1. Taking the range 39-59 only, how many residues are among the charged types (D, E, K, R) and either surrounded by 14 or more Cβ atoms within 10 Å (Cβ to Cβ) or more than 30 Å from D27 (Cβ to Cβ) (or both)?
2. Could you give every pair whose Cβ atoms fall below 8 Å, whose first residue belongs to the range 120-137 and is over 17 Å from A110 (Cα atoms), and whose second residue is in a helix (DSSP H, G or I) and of a type in the set (F, W, Y), counting only separations of at least 6 or pairs across chains?
3. From the list L302, L295, L321, L307, which one is out of contact with any strand residue (DSSP E or B) (no Cβ under 8 Å at 6 or more places or on another chain), at pLDDT 95 or above and either closer than 19 Å to T144 by Cα or not polar (S, T, N, Q) (or both)?
4. Within the range 34-60, how many residues are assigned to a strand (DSSP E or B) and touching a Gly at 6+ places or on another chain (Cβ under 9 Å)?
5. If I ask for residues that are of a type in the set (V, I, T), out of contact with any Phe, Trp or Tyr (no Cβ under 9 Å at 6 or more places or on another chain) and under 20 Å from L83 (Cα atoms), which ones from the range 1-52 would you list?
6. Report, by residue number, each residue of the range 18-33 that is surrounded by fewer than 21 Cβ atoms within 10 Å (Cβ to Cβ) and in a helix (DSSP H, G or I).
7. Got a number for residues in the range 68-89 being assigned to a helix (DSSP H, G or I) and farther than 19 Å from E56 by Cβ?
8. Might you let me know whether the range 18-25 holds any residue that is within 11 Å of T95 (Cβ to Cβ) and either modelled with pLDDT under 90 or touching a helix residue (DSSP H, G or I) at 6+ places or on another chain (Cβ under 7 Å) (or both)?
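The values are calculated or read from the model by the stated rules, or taken from the named source; none is laboratory data. The shown structure was predicted, so the numbers you read here are calculated from the model rather than taken from an experiment. All Cβ positions, even for glycine, are placed from backbone atoms using ideal geometry, and neighbour counts span all protein chains on display.
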Amino acid sequence: MVRLLIAASGTGGHLFPALALAEHLPDYEIEWLGVKDRLEMSLIGDQYRLHTIPVEGFQTRSPLKKLQILFKLIKGIFIVKKLIKEHQINVVFTTGGYIAAPAILGARLAGIPAIIHESNFIPGKVTRLLSRFCHGVALGFAGTAKYLPQSKTVWVSTPVRSQFYSPQPLDLPIPDNVPLIAVIGGSQGAISVNQLVRQCAPSWLSTGAYIVHLTGKNDPDVSSLEHPHYFAFPFYDNMAGLLQRANLAVSRSGAGTLTELAITRTPAILIPYPFAAEDHQTYNARVFVEAGAALLYPQPELTAEILENSGLNYLKNPQQLEKMANQAQSLAVLDSAEQLATLVKSFV
């Protein structure tokens, strides 16, 4: 029995590709490494045994706080090393983020292989610093290879959950023959996008379109718009069914979301999160814009009027949406999870 430690924490962008990989390693015994009070506490549930370590990012200016974070990191490395020895782990896989550092360095100290998957076009700091200590570096975008040791990189795209590959019914009272706009702020929601969309919604709804708006859990104005064709949810489990049905998405441009848009052939208006590290969501979005699958608006320059008119233009030109859908499909890698599983197996 091969034993795998998956280190993935914090957001759907880190957790969903790791879960997709795990689905394709049914014969592996899988342990999960996470952080308390993060999304993995509810998402992983009883699927895998979850271990937590007290690590956090270095996003602080306080020298004292940085020292405390460094101490936690060092402690985390040795907790991971001990975990590897106690559970006889054969290989470590991580999807990046700050939990990747103790996972990779713990694997290095324990003398076992580590593999990292970098989903963003611009690799994160941990990936750039520690990919040299990994046996394999899997990439979500082919162009990312130029930023990393190319002898170790392999492009596999970003895995998505298995339900995205088969038709999923949409369990909402939305007719089949009406345009549907899906608004997606990512697993954390996007209040600024929500505000813009609520200003545009009356105009879009007046055309006969329906809107499914995923607001996140922290929007104070979530109940401010009511309409029989407008559905607002903080979170929605059936993302595959929603995107398969949607004619247009208004979305952030996290790598996982973009991959889901490609798999489901969903045209998009992309509004990159402006405070993402090194503006990586803009670089992600440009790949889809260059392919003709999406339109990109930087959030600081976007007004409700611009977004409203852009949405109306697409609603009035379904043939343009169909062309964009075909271009989105051209970016899809349908066996990404299988390729990633093969990579993991090659180091055991």
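1. Residues of the range 39-59 that are among the charged types (D, E, K, R), as a first pass: 40, 46, 49, 56.
Now restrict to residues that are either surrounded by 14 or more Cβ atoms within 10 Å (Cβ to Cβ) or more than 30 Å from D27 (Cβ to Cβ) (or both): 40, 56.
Looking only at that region, the number is 2.
2. N120/Y283; F121/Y283; I122/Y147; I122/Y283; P123/Y147; R128/Y147
3. Numbers: L295 fails: out of contact with any strand residue (DSSP E or B) (no Cβ under 8 Å at 6 or more places or on another chain); L321 fails: out of contact with any strand residue (DSSP E or B) (no Cβ under 8 Å at 6 or more places or on another chain); L307 fails: out of contact with any strand residue (DSSP E or B) (no Cβ under 8 Å at 6 or more places or on another chain).
None of the other options fit; the residue is L302.
4. Start the filter on the range 34-60 by keeping residues that are assigned to a strand (DSSP E or B), which leaves 34, 49-52.
Among the residues that remain, those that are also touching a Gly at 6+ places or on another chain (Cβ under 9 Å) are: 34, 50-52.
So the count comes out to 4.
5. Of the residues in the range 1-52, the ones of a type in the set (V, I, T) are 2, 6, 11, 30, 35, 44, 52.
Next, only the ones that are out of contact with any Phe, Trp or Tyr (no Cβ under 9 Å at 6 or more places or on another chain) stay: 11, 52.
Listed by number, the list holds a single entry, T52.
6. Result: E23, single match.
7. Start the filter on the range 68-89 by keeping residues that are assigned to a helix (DSSP H, G or I), which leaves 68-86.
Still in the list and also farther than 19 Å from E56 by Cβ: 81-82, 84-86.
Adding up the residues that qualify gives 5.
8. Going residue by residue through the range 18-25, those that are within 11 Å of T95 (Cβ to Cβ) are 18-21.
Narrowing further to those that are either modelled with pLDDT under 90 or touching a helix residue (DSSP H, G or I) at 6+ places or on another chain (Cβ under 7 Å) (or both): 20-21.
For the range 18-25, residues within 11 Å of T95 (Cβ to Cβ) and either modelled with pLDDT under 90 or touching a helix residue (DSSP H, G or I) at 6+ places or on another chain (Cβ under 7 Å) (or both): present.
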